[in-house]
Amino acid sequence: MTTMATNDTTTSSTITEGPRGWAPSVPTPEDPLKWGDNFPTAAARTLRNTQMRRNLGHATRTIRDKRAMRVAEMPDWEQLRLAGSAIKNRAMSHLPELLEQMEANVIARGGHVHWASTGEEACRIAHSIAALKGATEVVKVKSMVSQEIGLNEYFAERGINAWETDLAEMIVQLSEDMPSHIVVPAIHRNRSEVRAIFKARMEDAPEDLSDEPPVLTAAARAHLRKKFLSAKVAISGANMMIAESGTLVVVESEGNGRMCLTVPETLVSIVGIEKIVPTYQDFEVIAQLLPRSATGERMNPYTSLWTGVTPGDGPQEFHLILLDNGRSKVLADPIGRQALHCIRCGSCMNVCPVYEHVGGHAYQSVYPGPIGAILTPQLRGAFDHHDPAASLPFASSLCNACFDACPMRINIPDVLVELRHRAVEAQRGGIPSFWDVAMKAASVPMSKGSRMGMAGKVLPLARVMAGPGQRFVNLPWPATAWSATRDVPAPPGQTFRAWMAERDKTGSAPSGRGASGRGGACGCCGQGGK
Ligand code: SF4
């Protein structure tokens with residue numbers, strides 16, 4: 001799997017470092033879980049970046065095609081999805097017992113377990129372990145959760161450099177950017193940009209570095225090898241924890257993760273409490289779902305499993321930090337809790353039309369895309385419309401593609417609708433919004449048949465006003481808020497009541513309701529509707 005877009009339409013000479021890092025970039029925010037503007041404002045900005053959209057469109061299309069091919073090979077894919085969903089349901093229902101079982105097994109095999117209820121607490125524990133070892137540098141892998149809690153910045157403020165070793169994460173770190181995808185964090189970059197970033201920011205980048213992917217990869221490998229051999233402490237996340245044995249799992253494509261997990265003397269794994277599964281057999285199911293969904297591979301090249309410590313083999317000191325950071329609040333929510341079933345495959349992003357157009361940075365969270373739209377507001381408890389995270393559930397067309405693609409059958413559209421409902425309810429009680437006024441006005445004709453009949457009388461006039469194109473492109477204020485981002489089709493030439501009356505009179509259904517013969521077309525978009 002490539003970690004960068006390769007549709008290189010920009011030459012390296014045009015790539016420049018701007019005042020806020022490498023365009024298009026997002027400077028490291030105070031709170032990586034949600035920063036900056038609400039979604040509509042941020043999306044309006046990222047939509048203007050045509051290069052990013054080209055990079056993203058190419059990369060998501062490639063991954064989508066590969067995934068579809070690999071899923072088609074599996075006759076029992078739907079059964080596997082059901083099994084995955086059942087495993088997570090069971091795990092979440094028994095979370096406290098499973099975590100205690102995990103703790104007991106890690107300790108029994110020579111490891112140490114720490115519990116962190118907040119991100120700050122997890123950073124403090126990880127830092128105290130690294131500081132105790134006298135580390136000035138640590139290597140990191142599979143550390144989305146460490147992004148969530150701002151671990152790199154916490155370490156940097158206290159004199160320890162934390163180096164990302166996943167190639168894509170390294171690109172993001174060198175360019176002082178933020179990830180824009182959970183599996184392919186540098187998906188918004190093309191290879192020319194990567195070359196420019198390496199040349200400027202990687203101290204040992206070769207003079208003659210080209211933008212060929214194998215050359216870039218070789219340069220990164222040489223750079224990272226030195227880090228692996230010198231670092232005494234490694235920080236990792238984990239894709240899964242297996243409670244019955246106290247085992248942790250990391251799946252990856254490059255082997256850098258395995259270097260991290262085996263070479264340094266001390267390993268600190270920070271893992272969200274939801275990553276637990278009860279048994280090895282459960283791991284087997286998810287191990288079939290994950291690589292196909294994430295990168296369209298039958299199996300990822302490297303799968304590392306480790307349990308406590310083994311004398312003379314691998315890290316001789318192992319610490320597991322179990323992170324809550326809002327997860328138990330999510331677990332308590334009967335609808336939203338399914339967000340905790342996520343195995344971070346990124347499949348929902350690759351099929352999402354909204355994500356494909358606006359890119360990951362528009363969500364302004366370390367968790368972008370459809371899963372981010374339901375996870376971020378819940379982790380932050382953001383349902384008040386003043387919180388920019390509360391705008392994220394509206395970042396969807398509810399087309400259902402994310403549900404179809406999700407290997408864990410997380411019903412993202414259902415949760416989106418529920419979170420929208422909560423955001424709207426939280427707004428009640430204050431000054432009515434434009435939407436409230438519009439709905440109130442619509443309720444006047446819609447609540448009485450005779451009024452509705454009278455309203456239908458204006459349809460011919462509206463059709464005349466729509467002109468020959470039969471579309472309203474710009475409605476007058478205040479309806480501009482609606483038409484600014486969409487065309488409104490002209491109403492049909494005949495109301496439903498008139499159509500029914502004609503049918504009753506003639507004894508058969510009239511051929512079409514629209515004067516243009518657009519029979520049965522959808523009233524809001526003019527499409528299909530048969
Ligand atoms: S929500 Fe589903 S599709 Fe999206 S990242 Fe999580 S597991 Fe993958």
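Using packing as a proxy for protection, rank 275-281, 207-213, 173-179 so that the peptide with the highest average count of other Cβ atoms within 10 Å comes first.
Numbers: 275-281: 18.3, 207-213: 12.6, 173-179: 22.4.
Going by the mean number of other Cβ atoms within 10 Å, highest first, we get 173-179, 275-281, 207-213.
With only Lys, Arg, Asp and Glu charged, each at its Cβ (+1 for the first two, -1 for the last two), find how big the charge dipole of the chain is about the Cα centre; round to the nearest 20 debye.
Dipole magnitude for the chain comes out near 2500 debye.
How big is Rg to Rh over segment 267-404, alpha-carbon atoms, Rh as the Kirkwood inverse-mean-distance radius? Show your work: numbers first, answer last.
Details: Rg = 17.3 Å, Rh = 17.1 Å.
Ratio of gyration radius to Kirkwood radius for segment 267-404: 1.01.
Could you work out how far apart the two model spin labels at Ala222 and Val417 are, taking each label as a point 7 Å from the Cα in the direction of the beta carbon, and quote it in nm?
Those two pseudo-labels are separated by 5.7 nm.
If you roll a 1.4 Å probe over the heavy atoms of the protein chains, what accessible area per residue do you get for segment 74-124, in Å²? Write down the numbers at each step before the final one.
Working: 2580 Å² over 51 residues.
Per residue, segment 74-124 has 51 Å² of solvent-accessible surface.
Determine how large the accessible area of Leu475 is when every protein chain is in place; take a 1.4 Å probe and give Å² rounded to the nearest 10.
Leu475 has an accessible surface of roughly 40 Å² with all protein chains in place.
Quick one: if you stick a label point 7 Å off each Cα along the C-beta vector at Thr310 and Phe434, how many nm between them?
6.3
Quantify, in whole percent, the carbon and sulfur part of the accessible surface of segment 399-472 (1.4 Å probe; protein heavy atoms only). Can you show the working numbers first?
Numbers: 3040 of 4620 Å².
Percent of accessible area from carbon and sulfur atoms in segment 399-472: 66.
For segment 70-123, with all protein chains present and a 1.4 Å probe, just round the carbon and sulfur fraction of the accessible area to a whole percent.
Values: 1500 of 2690 Å².
C and S fraction of accessible area: 56 percent.
As a test of reading the structure, rank His386, His114, His181, His94 by solvent-accessible area (1.4 Å probe, protein chains only), most first.
Working: His386 145, His114 45, His181 0, His94 85 Å².
I get His386, His94, His114, His181, largest accessible area first.
First measure r as the distance between the Cβ atoms of Glu73 and Arg109, then evaluate 1/(1 + (r/R0)^6) with R0 = 35 Å and state the FRET efficiency to the nearest 0.05. Could the numbers behind the result be given before it?
On the way: r = 37 Å, r/R0 = 1.05.
Computed FRET efficiency for Glu73 and Arg109 comes out at 0.45.
Keeping all protein chains in the complex and leaving out DNA, RNA and ligands, what accessible area do you get for Leu47 with a 1.4 Å probe, in Å² to the nearest 10?
The value for Leu47 is about 70 Å².
Counting only residues 5 or more places away or on other chains, whose amide H sits under 5 Å from the amide H of Met240 once H atoms are built in the peptide plane?
Amide H neighbours of Met240: Val249.
Cα convex hull of segment 57-200: mean projected area in nm², to one decimal? If you can, show how the numbers build up before the last one.
On the way: hull surface 49.0 nm².
With every direction weighted equally, the projected area is 12.3 nm².
What is the Cα centroid distance between segment 151-214 and segment 389-420, reported in whole angstrom?
31
Treat each spin label as a single point 7 Å out from the Cα along the C-beta direction, and report the Glu157 to Ser128 distance in nm.
The answer from the label model is 1.7 nm.
May I ask you to derive the FRET efficiency for His58 and Met299 from their Cβ-Cβ distance with R0 = 25 Å, giving the value to the nearest 0.05? Before the final figure, lay out each step's value.
Details: r = 25 Å, r/R0 = 1.00.
That pair, His58 with Met299, gives E of 0.50.
Could you name the lysines in cross-link range of Lys199, using Cα to Cα under 30 Å and dropping any fewer than eight places away on the same chain?
Lys140, Lys142, Lys226, Lys227, Lys232
Treating the beta-carbon of each Lys and Arg as +1 and of each Asp and Glu as -1, no other charges, what is the dipole magnitude of segment 204-310 about its Cα centre, to the nearest 20 debye? Could you put the intermediate results ahead of the total?
Working: 9 positive and 13 negative charges, 57 e Å.
It comes to approximately 280 debye.
Take Trp77, Trp477, Trp115 and sort them by solvent-accessible surface of the protein heavy atoms, 1.4 Å probe, largest at the top.
On the way: Trp77 15, Trp477 215, Trp115 110 Å².
Accessible-area ranking of Trp77, Trp477, Trp115, largest first: Trp477, Trp115, Trp77.
Looking at the calculated P(r) for the chain, what percent of the C-alpha pair distances fall above 35 Å? Working shown, then result.
Working: 58663 of 140185 pairs.
Cα-Cα pairs of the chain separated by over 35 Å account for 42 percent.
In what sequence, largest accessible area first, do Met465, Met452 appear using a 1.4 Å probe?
Values: Met465 130, Met452 80 Å².
Descending accessible area places them as Met465, Met452.
Using 0.36 nm times the number of residues separating Ala481 and Tyr280, minus their current alpha carbon distance, what extension gain do you get? Before the final figure, lay out the partial values.
Details: separation 201, 0.36 × 201 = 72.36 nm, distance 5.30 nm.
67.1 nm is the gain from fully extending Ala481 to Tyr280.
Round to the nearest 10 and report in Å² the accessible area of Asp384, as given by a 1.4 Å probe over the protein chains' heavy atoms.
70
What fraction of the Cα pairs in segment 194-313, stated in percent, has a spacing above 24 angstrom? The partial results should precede the final answer.
Values: 2882 of 7140 pairs.
Percentage above 24 Å: 40.
Find the accessible area per residue for segment 162-303; the probe is 1.4 Å, ligands and nucleic acids are left out, and the unit is Å².
Details: 4410 Å² over 142 residues.
On a per-residue basis, segment 162-303 sits at 31 Å².
For Arg90 and Leu229, what is the calculated FRET efficiency with R₀ set at 35 Å and r taken between the beta-carbons, to the nearest 0.05?
Details: r = 42 Å, r/R0 = 1.21.
Plugging the Cβ-Cβ distance into 1/(1 + (r/R0)^6) gives 0.25.
Would you work out which of Val71, Gly150, Gly134 lies farthest towards the positive end of the dipole of segment 58-173, given +1 charges on the beta-carbon of Lys and Arg and -1 on that of Asp and Glu, about the Cα centre?
Val71
Compute and list, largest first, the equivalent-ellipsoid semi-axes of segment 126-261 from the alpha carbon gyration tensor, each √(5λ) rounded to a whole angstrom. Numbers along the way, then the final one.
Numbers: eigenvalues 126, 62, 41 Å².
Those come to 25, 18, 14 Å.
For segment 387-515, just list the percent of Cα-Cα distances falling in each 5 Å bin from zero outward, please.
2, 8, 11, 13, 16, 14, 14, 12, 7, 3, 0, 0
The values are calculated or read from the model by the stated rules, or taken from the named source; none is laboratory data. Because the structure is predicted, anything quoted here is derived from the model rather than measured. All Cβ positions, glycine included, derive from the backbone under ideal geometry; neighbour counts span all protein chains shown. These area figures cover heavy atoms from the full protein model, side chains too; ligands, DNA and RNA do not enter into them. Shrake-Rupley method; radii C 1.70, N 1.55, O 1.52, S 1.80 Å.
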